[in-house]
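The values are calculated or read from the model by the stated rules, or taken from the named source; none is laboratory data. Since the model is a prediction, treat every value here as computed from it, not as a measurement. Cβ coordinates were reconstructed from backbone atoms using ideal geometry, including for glycine residues, and neighbour counts include every protein chain displayed. All accessible areas refer to the heavy atoms of the entire protein, side chains included, with ligands and DNA or RNA removed. Shrake-Rupley method; radii C 1.70, N 1.55, O 1.52, S 1.80 Å.
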Amino acid sequence: MDAVQNLLTRRSVRKYKPDMVPQEKLQRILEAGQYAATGRGRQSPIILAVTDKAMRDQLSKMNAAIMGVDSDPFYGAPVVLVVLADKTVPTYLYDGSLVMGNLMNAAHAEGIASCWIHRAKEEFNSEEGKKILQDLGITGDYEGIGHCILGYADGDEPAEAPRKENYVYFVK
């Protein structure tokens, strides 16, 4: 798929089939995330690639509690890619956001649906979140940037929303 066409046709999906994303597709998506631009090339983000159902469900429960709901904020997606970034790097928030964009666009190119889910910051600021990182051997001052949920859309992808007026101002 043409790169620009891929960017123009990606949509956020909020209903997923339980089918797991094939490992080879997941690897290509993760590789694209690792090649996101970062401030001064410092590569402040890390990605937790969660395919373990117990961990995925734990993160979903934590996220739902922060949101104040009982439903699954991950919409049934079987894969959760958590992007965190090193807060000691001044550009960490922007770096992590670019990783999220690369992950979602690469997923679309692979025929995999995605959506950015917030509240990773609150999850990993909690004692439970800090323990997850500690148990994984991850040390440092990381802040959750977002969750990129992945899977196969259960139904049609959403239609394109119209772009707002005055989105672009030319300065000539």
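Computed quantities for the displayed model
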quantity	calculated
Residue selected from region 52-67 under the condition assigned to a helix (DSSP H, G or I) and either under 22 Å from Pro22 (Cβ atoms) or among the hydroxyl-bearing types (Ser, Thr, Tyr) (or both), by the criterion farthest from the chain's Cα centre (by Cα)	Ala54
Filter pass, Ser60 being in contact (Cβ under 8 Å) with a residue 12 or more places away in the chain and farther than 29 Å from Glu127 by Cα	no
Close pairs from region 104-123: first under 12 Å from Gly144 (Cβ atoms), partner in a loop (DSSP other than H, G, I, E, B), Cβ under 7 Å, at least 6 apart	Ile117/Pro73; Ile117/Phe74
Residue in region 68-80 that is surrounded by fewer than 19 Cβ atoms within 10 Å (Cβ to Cβ) and not in a loop (DSSP other than H, G, I, E, B) present	no
Residue count for region 144-172, restricted to those that are touching a strand residue (DSSP E or B) at 6+ places or on another chain (Cβ under 6 Å) and either in a strand (DSSP E or B) or exposed (fewer than 11 other Cβ atoms within 10 Å of the Cβ) (or both)	9
Number of the exception - Lys131 against (1) open to solvent by 100 Å² or more (accessible area, probe 1.4 Å); (2) over 19 Å from Val13 (Cα atoms); (3) part of a loop (DSSP other than H, G, I, E, B)	(3)
Given (1) under 16 Å from Tyr16 (Cα atoms); (2) in contact with a strand residue (DSSP E or B) (Cβ under 6 Å, 6 or more places away or on another chain), index of the condition Leu103 fails	(1)
Residue list for region 21-44, restricted to those being in a loop (DSSP other than H, G, I, E, B) and open to solvent by less than 90 Å² (accessible area, probe 1.4 Å)	Val21, Pro22, Ala36, Ala37, Thr38, Ser44
